[in-house]
Amino acid sequence: KKEAVTLRKSYKGNITGEDIPLPIGSFEDLITRFSFDKRLLNNLIENQFTEPTPIQCEGIPMTLKNRDILACAPTGSGKTLAFLIPLLQQIINDKETIGLKGLIISPTKELANQIFIESIKLASRIYLDKKRPLQIALLSKSLSMKLKNKIISDKKYDLIISTPLRLIDVMKSESLDLSNLKNIIFDEADKLFDKTFVEQSDAILGLCNTKNLRKSMFSATIPSSVEEIANSIMLDPIRIIIGHKEA
Ligand code: ADP
Ligand code: MG
């Protein structure tokens, strides 16, 4: 507890909400506190991710405790891994379930691709059972066609990363089974909930009709409009601000 206070002071963390989980001080803490997957830890270390950044110290335990989060941390502070690490662990925990368990929404193709590349590094050589590797897809134009034409089964993927319109298109064609979806992440939430994108993000949420869907938003800035939306769509969200909140 005392360590948590010191840690939060060191990175100017401002965390608000009910029943806030303690941050981690190292990735190894995840092994003791959450029976974290050793292969995932090895993949982190192999990729030179040895120490968690502040947003990772805070965000990872919260997602592992199934909390909705609204996270604001500066550009370059490691937000991608802050949502990918716990999301992959949740997928591993849910290995009995076949099919889509996580969605990551990004406002641009370039960013979606970066998230995909980072996720592939972390998921490398992780099998959910003997024959079934943890599968992640970037929803490209060709993949969306293949899903719509049933050339590829939607059961193949555990996690899909997409821009809003392409995802909506596939969702509306009913070629994605969403019944096992547990987590949805909005990256660059300030953009995804601004005037240009808010209707698309709302449409996605409307099409995700599973109950107990955990939602997270990550951004470098949190305008008050986004904060209002977060409070209206999330359940007991925790708000994480690292550094100063820019609006
Ligand atoms: P943000 O989304 O907050 O702008 P990114 O997630 O894109 O930041 O991360 C910025 C860079 O920091 C990336 O190159 C990423 O690989 C690197 N990075 C993230 N987490 C760590 C870590 N724990 N240790 C070392 N490098 C990291
Ligand atoms: Mg980012």
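Once you have the Cα-Cα distance between Glu96 and Arg125, take 0.36 nm times their residue separation minus that, and quote the gain in nm to one decimal. Mind dumping the intermediate values first?
Numbers: separation 29, 0.36 × 29 = 10.44 nm, distance 1.79 nm.
Residue separation times 0.36 nm, minus the Cα-Cα distance, leaves 8.7 nm.
To two decimal places, what compactness ratio does the range 142-247 give when its Cα radius of gyration is scaled by 2.2 N^0.38 Å? Mind dumping the intermediate values first?
Values: Rg = 15.0 Å, N = 106, 2.2 N^0.38 = 12.9 Å.
After normalising by residue count via 2.2 N^0.38 Å, the value is 1.16.
Normalise the Cα radius of gyration of the range 153-194 by 2.2 N^0.38 Å (N = residues in it) and let me know the number. Present the calculation step by step, with values, prior to reporting the outcome.
Details: Rg = 11.4 Å, N = 42, 2.2 N^0.38 = 9.1 Å.
For the range 153-194, the normalised Cα radius of gyration comes out at 1.25.
Rounded to the nearest whole Å², what accessible area per residue is found for the chain with the 1.4 Å probe? Could you put the intermediate results ahead of the total?
On the way: 11880 Å² over 247 residues.
Accessible area per residue, the chain: 48 Å².
If r is the Cβ-Cβ distance from Ser26 to Asp177 and R0 is 41 Å, what FRET efficiency results, to the nearest 0.05? Please list the in-between numbers first.
Working: r = 37 Å, r/R0 = 0.91.
After rounding, the FRET efficiency stands at 0.65.
Just to verify a number: FRET efficiency for Lys2 and Asn66, C-beta to C-beta distance, R0 = 25 Å, to 0.05? Show your work: numbers first, answer last.
On the way: r = 26 Å, r/R0 = 1.03.
In this case the efficiency is close to 0.45.
I'd like the antiparallel share, as a percent to the nearest 5, of DSSP beta bridges with both residues in the chain. Numbers along the way, then the final one.
Numbers: 6 of 30 bridges.
Approximately 20 percent, going by the DSSP bridge assignments.
Binning at 10 angstrom from zero up to the longest distance, how are the C-alpha pair distances of the range 3-57 distributed in percent?
For the range 3-57, the pair-distance distribution reads 21, 50, 26, 3.
For Ile151 and Thr221 in the same chain, what is the full-extension length gain: residue separation times 0.36 nm, less their Cα-Cα distance, in nm? Don't skip to the answer; put the middle values down first.
Values: separation 70, 0.36 × 70 = 25.20 nm, distance 4.01 nm.
That pair, Ile151 and Thr221, stretches by 21.2 nm at full extension.
How many percent of the accessible area of the range 1-128 is carbon or sulfur, using a 1.4 Å probe?
Working: 3040 of 5920 Å².
C and S atoms contribute 51 percent here.
Using all C-alpha to C-alpha distances in the range 97-150, build P(r) with 5 Å bins and read off the rounded percent in each one.
Pairs per bin, as whole percents: 4, 16, 23, 26, 20, 10, 1, 0.
With N set to the residue count of the chain, report its C-alpha Rg divided by 2.2 N^0.38 Å to two decimal places. Walk me through the numbers before you get to the answer.
Working: Rg = 17.2 Å, N = 247, 2.2 N^0.38 = 17.9 Å.
After normalising by residue count via 2.2 N^0.38 Å, the value is 0.96.
Label points 7 Å out from Cα along the Cβ direction at Ser232 and Lys141: separation in nm?
Here the modelled spin labels are 3.5 nm apart.
For Leu207 and Tyr11, compute 0.36 nm times the residue count separating them, minus their Cα-Cα distance, and round to one decimal in nm. If you can, show how the numbers build up before the last one.
On the way: separation 196, 0.36 × 196 = 70.56 nm, distance 3.76 nm.
Computed gain between Leu207 and Tyr11 is 66.8 nm.
Taking a 32 Å limit on the Cα-Cα distance, which of the listed pairs Lys95/Lys215; Lys95/Lys172; Lys155/Lys191; Lys156/Lys195; Lys1/Lys131; Lys131/Lys191 fall beyond it? Please list the in-between numbers first.
On the way: Lys95/Lys215 20 Å; Lys95/Lys172 27 Å; Lys155/Lys191 30 Å; Lys156/Lys195 34 Å; Lys1/Lys131 42 Å; Lys131/Lys191 39 Å.
Distance filter (> 32 Å) returns Lys156/Lys195; Lys1/Lys131; Lys131/Lys191.
Report relative contact order for the chain in percent, whole number only (criteria: Cα-Cα under 8 Å, sequence separation at least 6). Walk me through the intermediate numbers first.
Values: 427 pairs, mean separation 69.3, N = 247.
Here the relative contact order equals 28 percent.
I need the peptides 140-146, 73-79 ranked by packing, meaning the mean over residues of other C-beta atoms within 10 angstrom, with the highest value on top. List each step's numbers first, then the result.
Values: 140-146: 14.4, 73-79: 16.7.
Descending packing order for the listed peptides: 73-79, 140-146.
The values are calculated or read from the model by the stated rules, or taken from the named source; none is laboratory data. As the structure is a computational prediction, the values presented were derived from the model and not from experiment. As a convention, Cβ positions derive from the backbone with ideal geometry for all residues, glycine included, and neighbour counts pool all protein chains shown. With ligands, DNA and RNA removed, areas are computed over all heavy atoms of the protein, side chains included. Shrake-Rupley method; radii C 1.70, N 1.55, O 1.52, S 1.80 Å.
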